[in-house]
1. Using modelled backbone amide H atoms (1.01 Å from N, in-plane), which distant-in-sequence or interchain residues come within less than 5 Å of C27's amide H?
2. Between E37 and Q402, what is the label-point separation in nm under the 7 Å Cα-to-beta-carbon projection?
3. Sum -39500 (n - 2.57) across every DSSP H segment of at least 4 residues in the chain, then divide by the residue count to get the 222 nm mean residue ellipticity, nearest 500.
4. Take A48 and R215, extend 7 Å from each Cα along the Cα→Cβ direction, and tell me the distance between the two endpoints in nm.
5. With only alpha-carbon pairs counted, each pair once and no self-pairs, how large is the Kirkwood hydrodynamic radius of the stretch 31-99 in angstroms?
6. What FRET efficiency do you get for E449 and E411 if R0 is 22 Å and r is their Cβ-Cβ distance, rounded to the nearest 0.05?
7. Three principal axis extents, largest first, for the C-alpha atoms of the chain, in Å?
8. Scan the stretch 165-203 for chymotrypsin sites (Phe, Trp or Tyr not before Pro) in coil per DSSP, keeping those whose Cβ has at most 14 other Cβ atoms within 10 Å, and list them by number.
Amino acid sequence: MAYMAVYEPTIGLEIHAELKTRTKMFCDSANDPFTAEANTHICPVCLAHPGTLPVINAEAVKHVLRVGLALKGELADYTEFDRKNYFYPDLPKGYQLSQYEFPLVKGGELSGVQITRVHLEEDTASSIHDEKTGATLVDYNRAGVPLMELVTEPVISSAEHAGRFARDLQLLLRYLGASEANMERGEMRVEANVSLGQNGVYGTKVEIKNLNSFRAMERAVAYELDRQKKLIESGGTVVQETRGWDESKQATFSQRIKEGSADYRYFPDPDLPFLKLSELPEFHPDILRDALSELPEDRRKRYRDLALQSDDIELLVRDRRFGDYFDEVTKIAAVEYNTAINYVANDLVKIIRDIEERDTKSLDKIPISATHFAKLIEMIQMKTVSSRSAKDILTALVSHDQDPEVYAKAEGLLQETNIEKLREVALRILNRHGQVAEDYKAGKDSALEFLLGQSMKELKGAGDPEMLREILRSLIR
């Protein structure tokens, strides 16, 4: 959305992501809030029974430190947990264990956005509102699940850039194995702080909550910038507050006056020890760095070095099934990168997504072995099969994985290169379409393509099109 030069949008994001660990953040209850029956993955610690003591989950700490390394942030040497005090039914202790003054990570950058901090805390329970009865039920399976919070600097200037950053963070978390970050399931939650300044002066910040998809976030930010612009131009005042997003109305709405950090009365938790990370070998940056897998930007660079197109690179980076598959295929044999990506991006992806759309579930694994796919690519390169036949073979192999050469022989799909046989077919086609041949003689180039198409049809797609084209030309002269 365009604004006059005097208006300066400023956007910062706060993003929470539930971390993938076996147990919760401060107890040994299972970290599995979605598949179990309500209020079954609970214990005295996560229900805040008197006399219970929390214990820090080391794997959750490692996840956040790995994220910090990937963002090129500064890892803490000293860190501690604080009590963030507020009262709500989904917070059994009456406070949340979080980090305030000493987060695990400071600084860093992703997608051109500077990071302020990344810290670790515990999630709250889930409130479930029953529209029929008006009652609110609470499921404590999620209470105490490890939660990473990332805060950006207020340097984002458009809804589109905010969306791009959030998507890239989700991708990074998945590459690191830190979180699935599925927004529809609440594993990743985004809040946007939006203000509209004028002539170098920052505007009043408004926080937007209830953003359950990237598209909703982009629309909410765009709407809020427009709302603030209209309010300013009408002589009104933007109030610092928390607003929600109404998907049905496509509008933000006021919820409450925004709290400040003083309202939470942070203080160090007396039941948890501080961590001196340099004294704990398992948290040493070199050990954590060695365990990092290839990150999205590293993968992009590797594919750029192979001279792949940008759209194909994004496919391979963002859907790791196809990226890992492409890598495996191109390591098996002397497969040309451009031929392989052409059949992955233009044919295999379409086949897989058609299957997923019919079955309404995602395939975890490509149903044709990389060995068979690589052999099919070699057959295309060697002109053993035509492009048309290769597409048919690929479709068949996805349904029933087998050796593509064996299948092609059985179905008569091997490309015909015998000149005499091709000449016989070409003569038959010319006898049937004499007028079309005359049209080509008269200078109509499309006539030759028609004759070629008819010849290929006669051969069920198994003819060498270049050889056929030359034979037709020589016979027409």
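The numbers here are math on the coordinates, done by the rules we state, and not lab data. Quantities reported herein were computed from a predicted structural model and do not represent experimental measurements. Glycine gets a Cβ as well: all are built from the backbone with ideal geometry, and neighbour counts include every protein chain shown.
1. When sequence neighbours closer than 5 places are left aside, the close amide H contacts are V55.
2. 4.8
3. On the way: 16 runs with 187 residues, N = 477.
Computed ellipticity for the chain at 222 nm equals -12000 deg cm²/dmol.
4. Modelled inter-label distance: 3.8 nm.
5. Details: mean 1/r = 0.0683 Å⁻¹.
About 14.6 Å for the stretch 31-99.
6. Numbers: r = 26 Å, r/R0 = 1.16.
The pair E449/E411 has a calculated efficiency of 0.30.
7. Projected onto its principal axes, the Cα set of the chain covers 92, 57, 50 Å.
8. Working: sites: F165, Y175, Y202; in loops: Y202.
Answer in residue order: Y202.
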